[in-house]
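Data first, discussion second: the structure below is written as structure tokens.
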Amino acid sequence: MLSTVTLKSRLPAFGFGNYWHSLSASERVLMSGIALLLFSSVLFGVLYLYSNFLAPLSGTQVFLWRIVAMWTALVSVLMVSGRLGEHVAIVRGLRTWRAWALLLLPTPIFLSQFWLFMWAPVNGQSIQTAMGYFLLPLTMVLSGCVVFKERLSPLQWLAVGLAVLGVSAEIWRTHSVSWATLWVCSTYPIYFVVRRVQGISAVTGLLFDLTVALPFILAYLWWIDSSSLAIVGSSGLIILMLAGLGVISVLAMKTNIDASQLLPLNVYGMLSYVEPAILFVLAVTVLGNPLETAMLYSYGLIWLGIMCLLVHGARQMRRPQQAKNALSA
């Protein structure tokens with residue numbers, strides 16, 4: 001009779017554990033990064049719906065409480081991990097007025113983007129905001145070209161051209177373009193460029209932005225928006241939901257940052273389109289924002305531009321593998 005160990009060794013190996021152990025170290029890093037980025041995108045989708053779960057709080061009130069909850073969660077995580085002092089030391093190390101000005105300059109952009117993310121889903125601007133996130137990588141490409149003198153490939157220029165045509169078509173159709181779309185795709189690049197120029201990491205910048213905003217938000221909640229204090233104080237469920245809002249916000253940011261450090265830039269850039277795709281689907285299905293047929297023409301041009309960027313990214317990913325194969329041949 002076969003022993004249990006012998007029998008198991010003769011059975012075909014199935015399951016995720018066996019698949020994981022069959023991967024090389026670099027493949028495991030890649031798979032971990034992909035999983036983290038997809039998980040982050042799902043969490044951002046949950047956050048996009050969160051304002052609807054916290055009625056009767058308005059979108060602006062949810063934004064205010066999100067900052068409070070997120071600061072609490074982030075500081076707690078950094079204290080437990082022993083890394084809070086590291087980020088505080090970076091900020092304290094700034095010696096010049098110029099350095100402090102560069103650190104403070106992106107903070108209003110950060111706060112406005114967080115406000116829009118919570119306000120848009122309950123105020124009929126969810127599709128327009130999602131389109132802003134679709135356009136964001138394109139405007140980031142242009143920012144790199146202008147600020148860091150990065151050269152664009154023909155496919156990248158084609159992507160930018162199609163996006164410009166799409167936005168122009170939407171302006172022609174409606175005689176306007178959503179301010180929410182423009183705000184997301186035009187101001188976020190300023191935030192990232194300034195942080196990159198100064199060499200401030202995402203976590204340090206986030207901690208600084210939240211800490212600067214916190215006293216003003218607490219003062220506003222105490223002296224001006226006492227109604228939301230009454231709503232939150234009267235419901236244990238809302239308190240728990242707000243605590244969850246802070247935890248999910250920090251977890252979404254943390255997994256996204258970790259993914260960016262594990263994945264090659266091209267892979268990270270391509271998979272970053274998962275988040276706006278999720279937001280767009282949620283806007284149409286769950287939030288019930290109308291998708292007019294005429295919108296498909298202008299948005300279709302933008303999505304064609306995105307496809308060009310995806311093809312460009314796929315080509316960039318293929319080149320190292322082709323070079324590796326050529327060397328091993």
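The values are calculated or read from the model by the stated rules, or taken from the named source; none is laboratory data. Please read these numbers as outputs of a predicted model, since none were measured by experiment. Note that each Cβ is placed from the backbone with ideal geometry, even for glycine, and that neighbours are counted across all protein chains shown.
On inspection, I171 qualifies as part of a helix (DSSP H, G or I), of a type outside the set (S, T, Y) and surrounded by fewer than 14 Cβ atoms within 10 Å (Cβ to Cβ). For the condition closer than 25 Å to S41 by Cβ, in contact (Cβ under 8 Å) with a residue 40 or more places away in the chain and crowded, with 20+ Cβ neighbours inside 10 Å, G132 qualifies. Residues of segment 277-312 that are more than 13 Å from F134 (Cα to Cα), modelled with pLDDT of 90 or more and part of a helix (DSSP H, G or I): L282, A283, T285. Considering segment 143-155, and only residues there that are touching a helix residue (DSSP H, G or I) at 6+ places or on another chain (Cβ under 6 Å) and assigned to a helix (DSSP H, G or I), the residue that is modelled with the lowest pLDDT turns out to be V147. Residues in segment 195-209 that are more than 23 Å from R66 (Cβ to Cβ) and in contact (Cβ under 8 Å) with a residue 12 or more places away in the chain: 2 in all.
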